[in-house]
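The values are calculated or read from the model by the stated rules, or taken from the named source; none is laboratory data. On a predicted model such as this, the values are computed, not experimentally measured, just so you know. All Cβ positions, glycine included, derive from the backbone under ideal geometry; neighbour counts span all protein chains shown. Protein only, heavy atoms only, side chains kept; ligands, DNA and RNA dropped before computing areas. Shrake-Rupley method; radii C 1.70, N 1.55, O 1.52, S 1.80 Å.
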Amino acid sequence: MANKKKVIATGFEPFGKHAVNSSWVAVQELERLGLGEAVDLHVCEVPVEYQAVQSLLPSLWKEHEPQLMVHVGVSGLATTVALEQCGHNKGYKRLDNCSFCPASQCCMDSGPDCIRSVLDMDTVCERVNDSGLGVTVSVSKDAGRYLCDYTYYTSLYLGQGHSAFIHVPPLGKPYSSQDLGRALQAAIQEMLKLLELDHKHNKHCNHKHEHQHEHD
């Protein structure tokens with residue numbers, strides 16, 4: 001299909017006490033499930049390193065030009081699958097897997113403090129929870145000021161808001177890899193529906209404005 005939508009999904013490598021990172025396990029399960037015939041899904045494991053993120057994300061956006069990039073990370077505190085609404089520019093003090101953190105403690109020196117996704121995560125959350133999936137989804141506005149938040153902000157900046165971040169609990173607390181994969185699949189499918197609606201609405205609005213202009 002020539003008009004396939006492109007989606008990139010990323011998970012993180014192990015770090016700290018997370019010898020197995022459930023985010024990458026969940027993304028691999030999502031890859032197995034797929035997003036349907038009309039979506040070309042590309043998955044990638046991201047190092048837990050600030051500098052690696054700074055070089056990897058621009059190349060992913062440039063090479064694939066996806067409609068949506070979805071980053072998945074693990075949270076040891078999470079008991080639900082959490083959709084992050086925004087990424088933050090400042091406050092990066094924790095050392096990464098290379099014992100490095102940015103001297104400026106921020107993502108982009110001249111960037112805004114916070115960037116919101118173009119997606120309304122409350123709507124995505126409500127739709128997934130109403131679908132009877134058996135996995136509870138919630139919305140968060142704080143992705144944690146570590147590699148998750150850093151990656152999300154960088155991706156939102158590069159992709160002009162066409163990015164999402166999903167936090168998952170560690171495996172078995174309480175969900176299996178299959179549960180997490182199904183939750184990612186359901187959430188991303190709802191996100192794509194919202195983007196499609198937004199695209200149609202914008203096309204309709206532009207057509208109306210052109211029409212009005214012809215009669216001015």
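General remarks:
- The local environment of residue 158, defined by Cβ-Cβ distances under 14 Å, has a net charge of -1 under the rule Lys, Arg +1 and Asp, Glu -1.
- Accessible surface of the chain, 1.4 Å probe, proportion on carbon and sulfur as whole %: 49 percent
- Cα long-axis angle, helix 177-214 against the chain (0 to 90 degrees, to the nearest 10): 30 degrees
- Reach of residue 141 by Cα under 15 Å, taken over aspartates and glutamates that are not fewer than 8 positions away in the same chain: 84, 113, 120, 122, 149
- Taking the convex hull of the alpha carbon positions in the chain and averaging its projected area over all directions gives 13.6 nm².
- Legend: distances between Cα atoms for 17/90; 4/90; 62/93; 4/93; pairs beyond 31 Å are 4/90; 4/93.
- Antiparallel bridge percentage (DSSP; both residues within segment 12-154; nearest 5): 50 percent
- Between the helical axis of 22-33 and the longest alpha-carbon principal axis of the chain there is an angle of about 50 degrees.
- On Cα atoms only, tilt of 50-64 relative to the major axis of the chain in degrees: 30 degrees
- Highest GNM mean-square fluctuation among 35, 197, 83, for the chain modelled with Cα contacts below 10 Å: 197.
- Per residue, the chain exposes an accessible area of 50 Å² to a 1.4 Å probe, with every protein chain left in place.
- Result for the chain in a Gaussian network model with C-alpha springs under 10 Å: among 17, 62, 93, the largest mean-square fluctuation is at 17.
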